[in-house]
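Remarks on the structure that follows.
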Amino acid sequence: MRTQKINMLGTTTINRPASSALHFWSSVPKFGTGLCNTKRLARARIMSLGTSRGDPEVGLEVGERLYLGMDFGTSGARFAVIDRRGIIHAEAKKEYPLYLSGETYDWVSSWKVTLFSLLEDIPLHIRKLIASISIDGTSATTIIVDSKTGEPLWRPFLYNESCSDALPIVKSIAPVNHTVCSGSSTLCKLVSWWNRVDSNKKCALLLHQADWLLWLLHGKLGVSDYNNALKVGYDPEVDSYPQWLLSQQYSQVLPSVIAPGTSIGFLKEEVITRFDFQKDCVVCTGTTDSIAAFLAARATQPGKAVTSLGSTLAIKLLSTSRIEDARFGVYSHRLDDKWLVGGASNTGGAVLRQLFTDEQLEKLSEQINPLQASPLDYYPLPKAGERFPVADPNMAPRLHPRPGNDAEYLHGILESIARIEANAYGLLKDLGATQVDEVFTAGGGAKNEKWTKIRERVLGLPVSRAVQTEAAYGAALLALRGAQQNIQ
Ligand SMILES: Nc1ncnc2c1ncn2[C@@H]1O[C@H](COP(=O)(O)OP(=O)(O)O)[C@@H](O)[C@H]1O
Ligand SMILES: O=C(CO)[C@H](O)[C@H](O)COP(=O)(O)O
């Protein structure tokens with residue numbers, strides 16, 4: 001298992017952002033990887049490794065605390081530790097160890113091992129200052145667990161798994177084109193499991209990946225957040241499960257739901273002891289990975305959007321209107337008093353990783369002229385199945401004809417993914433969402449400046465790398481908010 005230490009990100013002068021409709025998110029100053037104040041960074045690093053003696057230079061006051069965010073993405077997990085100003089004091093990432101269990105991977109073991117291994121990677125002096133923790137995970141990644149022990153009763157359903165067998169049943173109970181009316185929805189996964197002859201229904205409880213990981217830390221089974229619970233049918237507008245769902249027999253397995261970044265309780269004693277956390281360290285509800293990436297980007301005005309170019313392409317557009325239409329894989333997550341409209345395509349980095357290493361991507365991208373359109377027309381998918389802006393579980397990948405020159409091939413793939421992104425934003429506009437006027441990029445693809453220029457040309461919009469590109473930073477902001485609410 002490889003732990004890759006990401007360089008400590010620099011800090012810039014504290015920007016007091018203009019007032020914004022998004023409450024908390026605009027109250028934490030923006031820090032970026034931009035003009036790094038190395039002196040301040042160096043002192044921050046010293047401070048975070050020493051005891052907190054307080055230092056006006058980097059803003060750490062005596063006794064000041066830190067906030068831990070963890071992102072469990074598709075290919076690996078990351079953490080970021082920030083202070084109340086948003087300065088990063090430690091971060092790292094780790095690929096999942098893979099354990100084969102018969103024909104399939106034991107993802108639950110991979111996630112659990114990675115969780116505790118990353119906690120070990122946080123320097124002890126920083127761990128001792130952490131006041132709250134939050135975790136984001138891949139959306140609709142579903143684990144059915146024993147409601148008494150928390151142990152999984154079945155293998156997890158991953159975020160992009162489609163349980164089309166359950167779709168007719170789900171469509172028969174849910175409103176037309178509701179978010180759950182997609183084979184990859186959490187509700188389809190639950191119904192598919194419930195209808196299995198060997199499902200142990202008596203003591204079952206449904207959790208999402210982030211919920212289960214957080215449970216390992218706080219020990220209170222059955223708590224989720226209204227972002228993760230959206231795709232099982234939770235209605236974040238009325239803050240409850242709808243009656244058409246509560247009247248189903250399997251509603252007994254649904255978790256309770258509270259807002260993201262809400263304190264659930266203190267760390268379990270065994271976690272405090274094992275990792276030397278403070279006894280007053282709280283664990284807060286999390287969110288999904290693409291929402292955490294949106295939070296990290298600090299976009300606070302309607303019309304701003306974040307495209308997460310990770311293994312998948314997940315789009316989040318801040319909108320004053322709520323849109324949902326399962327025919328196209330479009331749904332709206334709640335963010336305080338606004339809506340994050342979008343969806344997640346299966347195109348993205350996973351296809352690139354099937355064809356090129358990260359080093360090859362860098363080398364080949366250098367040869368691309370982003371201002372020149374590629375004539376190649378692909379629909380890049382890692383395997384059959386697409387969720388958004390086309391919702392078709394049988395959609396086949398299109399990656400041919402392959403030119404002899406790999407740089408040309410990559411150019412065609414990057415441009416084709418950009419066209420999918422442009423179609424997605426056009427669809428959101430046609431469905432009535434606030435018109436996008438600027439796109440920030442998160443995820444591994446955000447580092448590719450040639451791709452950013454291709455996307456800017458294809459989208460016809462300003463496209464830039466988000467100030468913070470890691471979802472773990474967004475999860476740390478949730479932990480910070482949870483700690484501040486806990487004090488009030
Ligand atoms: N230079 C690059 N250009 C485009 N994509 C890249 C580049 N480097 C890495 N990637 C892609 O980034 C993806 C990993 O991003 P990440 O946000 O870590 O994904 P996830 O969180 O979904 O696991 C990989 O699929 C990889 O192909
Ligand atoms: O693609 C994914 C994994 O990275 C998830 O589906 C992504 O989280 C999008 O889901 P949501 O919009 O609910 O956050």
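Confirm whether GLN367 is polar (S, T, N, Q), open to solvent by 20 Å² or more (accessible area, probe 1.4 Å) and more than 24 Å from the chain's Cα centre (by Cα). The answer is yes for GLN367. Out of curiosity, is ALA210 within 16 Å of ligand 1 (Cβ to nearest atom) and either touching a Lys or Arg at 6+ places or on another chain (Cβ under 6 Å) or within 25 Å of ALA314 (Cα to Cα) (or both)? When the stated conditions are applied, ALA210 passes them.
Which of the residues spanning the range 294-314 are over 15 Å from THR452 (Cα atoms) and either surrounded by 24 or more Cβ atoms within 10 Å (Cβ to Cβ) or without any contact (Cβ under 8 Å) to a residue 60 or more places away in the chain (or both)? Step through it out loud before you land on a result.
Filtering the range 294-314 for residues over 15 Å from THR452 (Cα atoms) gives 294-304, 311-312, 314.
Selection gives PHE294, LEU295, ALA296, ALA297, ARG298, ALA299, SER311, THR312, ALA314.
Within the range 95-107, if we keep just the residues that are touching an Asp or Glu at 6+ places or on another chain (Cβ under 9 Å) and not in a strand (DSSP E or B), the residue that is surrounded by the fewest Cβ atoms within 10 Å (Cβ to Cβ) turns out to be LEU98. Remark: ARG327 falls outside the filter, which requires a residue to be in contact (Cβ under 8 Å) with a residue 24 or more places away in the chain and either farther than 25 Å from LEU427 by Cβ or open to solvent by less than 70 Å² (accessible area, probe 1.4 Å) (or both). Scanning the range 461-476 for residues being within 16 Å of LYS304 (Cβ to Cβ) and away from ligand 2 (no atom under 16 Å from the Cβ) gives a total of 7. When LEU410 is tested against (1) more than 16 Å from ligand 2 (Cβ to nearest atom); (2) touching a residue at least 24 places away in the same chain (Cβ under 8 Å); (3) open to solvent by 10 Å² or more (accessible area, probe 1.4 Å), just one condition goes unmet, and that condition is (3).
Screening the range 62-79 for residues that are modelled with pLDDT of 95 or more and charged (D, E, K, R) and picking the one that is farthest from ligand 2 (Cβ to nearest atom) gives ARG65. All of TRP107, TRP111 fail the test of being touching a residue at least 12 places away in the same chain (Cβ under 8 Å) and within 16 Å of THR288 (Cα to Cα), apart from TRP111. Of the helices (runs of 4 or more DSSP H) lying entirely inside the range 164-261, those containing at least 2 residues that are without any contact (Cβ under 8 Å) to a residue 12 or more places away in the chain and open to solvent by 10 Å² or more (accessible area, probe 1.4 Å) are 167-173, 243-246.
Cβ-Cβ distances below 6 Å connect no pair with a first residue in the range 115-141 that is without any contact (Cβ under 8 Å) to a residue 40 or more places away in the chain and in a helix (DSSP H, G or I), a second residue that is open to solvent by less than 10 Å² (accessible area, probe 1.4 Å) and more than 16 Å from ligand 2 (Cβ to nearest atom), and a separation of six or more residues or different chains. For the range 273-290, does any single residue satisfy the condition of being within 16 Å of ligand 1 (Cβ to nearest atom), out of contact with any Pro (no Cβ under 6 Å at 6 or more places or on another chain) and in a loop (DSSP other than H, G, I, E, B)? Yes: one or more hits. Restricting the range 142-158 to residues that are open to solvent by less than 30 Å² (accessible area, probe 1.4 Å) and assigned to a loop (DSSP other than H, G, I, E, B) leaves a set whose member that is nearest to ligand 1 (Cβ to nearest atom) is PRO156. Sub-7 Å Cβ pairs linking a first residue in the range 349-362 that is open to solvent by 70 Å² or more (accessible area, probe 1.4 Å) to a second residue that is outside any helix (DSSP H, G or I), at least 6 apart or interchain, are GLN354/PRO382, ordered by first then second residue.
Please pick out the residue among CYS203, CYS163 that is under 23 Å from the mean Cα position of the chain (by Cα) and of a type outside the set (D, E, K, R). First the steps, then the outcome.
Working: CYS203 fails: under 23 Å from the mean Cα position of the chain (by Cα).
Exactly one of CYS203, CYS163 is under 23 Å from the mean Cα position of the chain (by Cα) and of a type outside the set (D, E, K, R), namely CYS163.
The values are calculated or read from the model by the stated rules, or taken from the named source; none is laboratory data. Just so it is clear, the structure is predicted and the values come from calculations on it, not from any experiment. With ideal geometry, Cβ positions are generated from the backbone for all residues, glycine too; neighbour counts draw on all protein chains shown. Note: accessible area is taken over every heavy atom of the protein model, side chains too, but ligands, DNA and RNA are not part of it. Shrake-Rupley method; radii C 1.70, N 1.55, O 1.52, S 1.80 Å.
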